[in-house]
Amino acid sequence: MTSVRGVVVVAHGGRVVGTAPTTAVQPAVLRMIPVAAAIRRAFPGGGVVVSRPRFRVQGWNGDQASPVADLGEHLDELRAQFGPVPVVLVGHSMGGRAALRAAGHSAVVAVAGLAPWLPPGEPVDQLAGRSILLAHGTADIVTSAAETWAYADRARALTKVTEVEIRGGDHPMIRRAALWHALTAAFAGVSLGFPPLPGPAASALARSRRTML
């Protein structure tokens, strides 16, 4: 049996406010299926577990930050199941915000925020010592790329941050989907200690300045 070298947790988006239960057929949930599949395909030899949890409710819900507690519980469950293996969090939109908030968990080594929702004042102290990828499409009209880059500027004082702009990329990550997927898989692999995957996505991760792809 192949031993587990690491876990990648893929977190879906949601709403600003919403207490209705999350369902398996919501677009925000379905959107992450191809992302998770791309990560699995990048590691055909095994050793990487890809987990796609579902948040209990659909919204962030102000100070409750509902999905953050869910991610924390899931990370505890993964630690109990697999032991002290490194975990990479990948989150889209609201899931990106939740993943970055949950970065302080002792299992987490890296976080990727894809088209993340990062309003002004979002905390960054929990990112210390973690590798961070922030990617935003230039055609995103749902979440703010400017707020993402402002967050990156604050986080950079604490840790390594890679910024990637996806030319023409939209919020659902449908346009140029293959690039979104390749970038995420490349980041997960490097963060877990695998050799860099070939291609422009991996090259972008090695650059210290914001990159347009």
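The values are calculated or read from the model by the stated rules, or taken from the named source; none is laboratory data. Just so you know, these numbers come straight off a predicted model, no measurement behind them. Glycine also receives a Cβ, built like all others from the backbone with ideal geometry; neighbour counts cover every protein chain displayed. The accessibility values were calculated without ligands, DNA or RNA, using every heavy atom of the protein model including side chains. Shrake-Rupley method; radii C 1.70, N 1.55, O 1.52, S 1.80 Å.
Key figures
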read-out: Residues located in the stretch 19-29, provided they are surrounded by fewer than 17 Cβ atoms within 10 Å (Cβ to Cβ) and either among the hydrophobic types (A, V, I, L, M, F, W, C) or on the phi > 0 side of the Ramachandran plot (or both); value: Ala20, Ala24, Val25
read-out: Some residue of the stretch 52-65 being open to solvent by 80 Å² or more (accessible area, probe 1.4 Å), at pLDDT below 95 and not polar (S, T, N, Q); value: no
read-out: Pairs, first within 22 Å of Gly113 (Cβ to Cβ) and modelled with pLDDT under 95 in the stretch 76-88, second open to solvent by 90 Å² or more (accessible area, probe 1.4 Å) and not polar (S, T, N, Q), C-beta under 7 Å, six or more apart; value: none
read-out: In the stretch 14-47, the residues that are under 25 Å from Arg79 (Cβ atoms), in contact with a strand residue (DSSP E or B) (Cβ under 8 Å, 6 or more places away or on another chain) and assigned to a loop (DSSP other than H, G, I, E, B); value: Gly14, Thr22, Met32, Gly47
read-out: Listing of strands (runs of 3 or more DSSP E) fully contained in the stretch 48-165 that carry 1 or more residues being under 18 Å from Arg207 (Cα atoms) and not charged (D, E, K, R); value: 108-114, 131-137
read-out: Filtered residue count, the stretch 187-204, keeping only those that are small (Gly, Ala, Ser), closer than 16 Å to Arg130 by Cα and buried (at least 18 other Cβ atoms within 10 Å of the Cβ); value: 3
read-out: Those residues of the stretch 109-125 which are open to solvent by 10 Å² or more (accessible area, probe 1.4 Å) and acidic (Asp, Glu), in sequence order; value: Asp125
read-out: Criterion: free of Cβ contacts under 8 Å to residues at least 40 places away in the same chain and either surrounded by 17 or more Cβ atoms within 10 Å (Cβ to Cβ) or in contact with a Pro (Cβ under 8 Å, 6 or more places away or on another chain) (or both) - qualifying residue of Ser144, Ser106; value: Ser144
read-out: Test set (1) more than 17 Å from Val35 (Cβ to Cβ); (2) out of contact with any Ser or Thr (no Cβ under 6 Å at 6 or more places or on another chain) - Gly137 fails condition number; value: (1)
read-out: Filter pass, Ala36 being open to solvent by 20 Å² or more (accessible area, probe 1.4 Å) and among the small types (Gly, Ala, Ser); value: no
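Okay, residues lined up against (1) without any contact (Cβ under 8 Å) to a residue 24 or more places away in the chain; (2) under 24 Å from Pro27 (Cα atoms); (3) in contact with a strand residue (DSSP E or B) (Cβ under 7 Å, 6 or more places away or on another chain):
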position	(1), (2), (3)
Arg154	no, no, no
Thr162	no, no, yes
Ala177	no, yes, no
Ala182	no, yes, no
Ala188	no, yes, yes
Pro198	yes, no, no
Ala204	no, no, yes
Ser208	yes, no, no
Met212	no, no, yes
